[in-house]
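Participant: Before anything else, here's the structure in question.
Just so you know, all these numbers are worked out from the coordinates, no wet-lab data involved. Quick caveat: nothing in here was measured; it's all calculated off a predicted structure. In this analysis, Cβ positions are derived from the backbone assuming ideal geometry, glycine residues included, and neighbour counts consider all displayed protein chains.
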Amino acid sequence: MRAVRRHPLVTFFVLTYVIAWAFVPFGSFGAFAPLVAALIVVPISQGRAGLAALGRRIVLWRVRWWWWALALAVPVAIHVLAAILGDSSPLRLAAWGDVLLVFLLRLVNPTDGAFGEEPGWRGFALPGLQSRLSPLAATAVLAVIVTVWHLPLVLLAEGDRATTLVGMIVGTVGVTFWYSWLFDHAGGSVLLVVVAHAVEGAIQDDTVLYFTLWLALAVVLVVVDLRWWLRPAPAEATTAFPPAPSPAVR
């Protein structure tokens, strides 16, 4: 218990890897591991106050309407742009009733990437990293951790694994920067990022072009909002959740 209190982020990352990768020998992957790890580490390291703070982030819906619009529109725009520039079959062959059902299920299914990952990655790990690092450095660290965490999916994938590996690395890094930017600018709403994540995965597009567009978006976000990305960390590091920016001023 003392080790968890002294090193909550390290404990969280280790648990997330162990839980998710434990399913790989059985042909599966524990996408819910970040959620489970956060629910283990937060009560031990931060008590009820930390758990309450995490809960508030998960249900925070009162943010300015344009953040909701971006959470929904940006993933759709990436899908459409990938279809225009490359292979249109993911959109052309999509059964839109099924797409809507998948989106709704991803919002509430803890075994899925959207709800299973975001309370851990964005709800716990990102604020913890940003209490020590700038948003750019914190997101870069998180991007590496999340990308490596996803690597077993390459072994479980069918088809050209080299292409899958390249796409997965490029895409994961890109969406990690997008989710960090959205999370912080929308007042620390995990719910909003869950929605964005659910929209992104509602249509299956595994082309390298699609993932490259996410990386291109990440570059644009860094260039356009560089001052925010380079914002210094607080003077004193803390294991507690740093205060989220108010959505009223965004």
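Participant: Taking loop as defined by DSSP and a crowding limit of 13 other beta carbons within 10 Å, which trypsin sites (Lys or Arg not before Pro) in the stretch 1-52 fit?
Facilitator: none
Participant: Okay, next question. Alpha carbon centre of the stretch 50-65 versus the stretch 174-222: separation in Å?
Facilitator: So the separation of the two Cα centres works out to 19 Å.
Participant: Which of rounded, prolate, oblate describes the stretch 186-226, given a ≥ b ≥ c as roots of the alpha-carbon gyration tensor eigenvalues and a/c under 1.5 marking rounded, otherwise prolate only if a/b is larger than b/c?
Facilitator: Oblate.
Participant: Using the beta-carbon distance between Leu230 and Thr147 and R0 = 22 Å, what value does 1/(1 + (r/R0)^6) give for FRET efficiency, to the nearest 0.05?
Facilitator: It comes out at approximately 0.50.
Participant: Work out the length of the dipole vector of the stretch 2-249 about its Cα centre, built from +1 on the beta-carbon of each Lys and Arg and -1 on the beta-carbon of each Asp and Glu, and round it to the nearest 20 debye.
Facilitator: The dipole magnitude comes to about 1040 debye.
Participant: In whole percent, what relative contact order does the chain give with Cα contacts below 8 Å and a gap of six or more residues?
Facilitator: Here the relative contact order equals 29 percent.
Participant: Related question: What ratio of Cα Rg to 2.2 N^0.38 Å holds for the stretch 27-82?
Facilitator: After normalising by residue count via 2.2 N^0.38 Å, the value is 1.61.
Participant: Which length gain, in nm to one decimal place, applies between Asp98 and Asp206 when the Cα-Cα distance is subtracted from 0.36 nm times their residue separation?
Facilitator: Extra length available between Asp98 and Asp206 comes to 37.1 nm.
Participant: Rounded, prolate or oblate, given the Cα gyration tensor of the stretch 1-56, with a/c below 1.5 counting as rounded?
Facilitator: Note, shape of the stretch 1-56 comes out oblate.
Participant: Return the label of the correct value of P(r) over Cα pairs in 10 Å bins from 0, in percent, as calculated from the structure shown, out of [x] 7, 31, 39, 19, 4, 0; [y] 7, 31, 35, 20, 6, 0; [z] 7, 28, 32, 22, 10, 1, 0.
Facilitator: So the calculated entry is the one marked [x].
Participant: Roughly how many nanometres apart are two label points built 7 Å out from the Cα toward the Cβ at His7 and Val219?
Facilitator: 3.7 nm
Participant: Taking only Cα atoms, what is the 0 to 90° angle, nearest 10, from helix 161-185's long axis to the longest principal axis of the chain?
Facilitator: It works out to around 50 degrees.
Participant: Turning to a different aspect of this structure: Kindly put Trp21, Trp229 in sequence by how many other C-beta atoms sit within 10 Å of each C-beta, fewest to most.
Facilitator: Sorted ascending by nearby Cβ count, the order is Trp21, Trp229.
Participant: In Å, what Kirkwood hydrodynamic radius results for the stretch 64-171 from the alpha-carbon pair distances?
Facilitator: 16.4 Å
Participant: When a/c reaches 1.5 or more, the comparison of a/b and b/c decides; with that in mind, is the stretch 1-143 rounded, prolate or oblate per its Cα gyration tensor?
Facilitator: Since a/c reaches 1.5 and a/b is larger than b/c, the shape of the stretch 1-143 is classed as prolate.
Participant: Which residue fluctuates most in the GNM of the chain (Cα springs below 10 Å): Ala162, Ala233, Ala137?
Facilitator: For the chain, modelled as a Gaussian network with Cα springs under 10 Å, the answer is Ala162.
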